[in-house]
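Below is one structure, written out as structure tokens, with a few remarks after it.
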Amino acid sequence: MFQIIPAIDVLEGKVVRLLKGDYDKVTVYSEDPILVAKRIKERKYNWVHLVNLDGARYGDIEGVLDIIEKIKQIGLLVEVGGGIREKEDIERLMEVGTDRIVIGTMAFKDKDFLSWALDRVGKEKIVVGVDVKGREVRIRGWMESSGFDIDSAVKYLQGLGVEWILCTDVSRDGTQEGPNLDLYRNLCNMFSGKILASGGVGSWEDIDKVNLLSQQFPNLSGLIVGRFFYETWFVNESK
């Protein structure tokens, strides 16, 4: 079933959005990620996509563990990505009740780490973040090349038995220019598992377009929505 998943991007404890992943282009939407999570729950969404931007940049998950526990107490399912570099990170995220873990950099830097995570946690709880700029897959908070293009990345991940990927079009993230439907259409044809789309949503019409695409490609399982929701819902409420 296709799901819309609101994103909470956390930087230094605040809810923010970056423009195209640029840490020098930050918009702060709220000082309190838990308040934003409560607004999401009130609007009947079931999942939160929590992005640890400090972790993505510096490889540290410590700052989001307490946030995850509090969001879980609200009654939301939590998908977390950013800064997951060590086996201990996976273990600690599971201890605080994380429902799905998004592995980006390490999925492409260390095949053994990804294989271990899939076995340890279960394939249904591991999502590989495929952050695409052009056709290149980016890592380390989108700051470096992974050495993979989208085609070779999909082949590599399917070979390891990955069942979930989250594909973000870096060039559209935070721009509200519309999602890259061609990218997701091609990805659905290449990847046999489940796909979450992210990047570029600027209207309800954009959401409808991705939803419509999911009816053609049932493996397109969800859409992550960030800035659009903040600027239509939370700007006045969550400050």
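The values are calculated or read from the model by the stated rules, or taken from the named source; none is laboratory data. Since the structure is predicted, the reported quantities are computational estimates derived from the model, not experimental observations. Positions of Cβ are backbone-derived with ideal geometry, glycine not excepted, and every protein chain shown enters the neighbour counts.
Only strands (runs of 3 or more DSSP E) whose full extent lies in segment 1-95 are considered here, and the ones with at least 3 residues that are under 16 Å from the mean Cα position of the chain (by Cα) are 3-11, 14-19, 47-52, 77-81.
Within segment 135-154, restricting attention to residues that are more than 18 Å from the chain's Cα centre (by Cα), surrounded by fewer than 20 Cβ atoms within 10 Å (Cβ to Cβ) and touching a residue at least 12 places away in the same chain (Cβ under 8 Å), the residue that is nearest to P179 (Cα to Cα) is R135.
One residue stands out among those in segment 32-47 that are of a type outside the set (A, V, I, L, M, F, W, C) and either in contact with a helix residue (DSSP H, G or I) (Cβ under 7 Å, 6 or more places away or on another chain) or over 13 Å from W233 (Cα atoms) (or both): the one that is surrounded by the fewest Cβ atoms within 10 Å (Cβ to Cβ), which is K44. Within the set I34, I67, I74, the sole residue that is touching a strand residue (DSSP E or B) at 6+ places or on another chain (Cβ under 8 Å) and hydrophobic (A, V, I, L, M, F, W, C) turns out to be I67.
Criterion first (among the acidic types (D, E), under 30 Å from V154 (Cα atoms) and surrounded by fewer than 20 Cβ atoms within 10 Å (Cβ to Cβ)) does D99 satisfy it? It is true that D99 is among the acidic types (D, E), under 30 Å from V154 (Cα atoms) and surrounded by fewer than 20 Cβ atoms within 10 Å (Cβ to Cβ).
Looking at segment 205-220 only, could you name the residues that are surrounded by fewer than 19 Cβ atoms within 10 Å (Cβ to Cβ) and either polar (S, T, N, Q) or at pLDDT below 95 (or both)? Of everything in segment 205-220, those that are surrounded by fewer than 19 Cβ atoms within 10 Å (Cβ to Cβ) and either polar (S, T, N, Q) or at pLDDT below 95 (or both) turn out to be N211, Q215, Q216, N219. Among the residues of segment 162-169, is there at least one that is touching a His at 6+ places or on another chain (Cβ under 9 Å) and either surrounded by 24 or more Cβ atoms within 10 Å (Cβ to Cβ) or touching a residue at least 60 places away in the same chain (Cβ under 8 Å) (or both)? Yes, some residue in segment 162-169 is touching a His at 6+ places or on another chain (Cβ under 9 Å) and either surrounded by 24 or more Cβ atoms within 10 Å (Cβ to Cβ) or touching a residue at least 60 places away in the same chain (Cβ under 8 Å) (or both).
The combined condition, being surrounded by 18 or more Cβ atoms within 10 Å (Cβ to Cβ) and under 16 Å from G226 (Cα atoms), is fulfilled by L50. Within segment 203-212, the presence of a residue that is within 18 Å of A107 (Cα to Cα) and in contact with a Leu (Cβ under 6 Å, 6 or more places away or on another chain) is excluded.
If the condition is being without any contact (Cβ under 8 Å) to a residue 24 or more places away in the chain and within 26 Å of S171 (Cα to Cα), then segment 26-51 contributes V26, V28.
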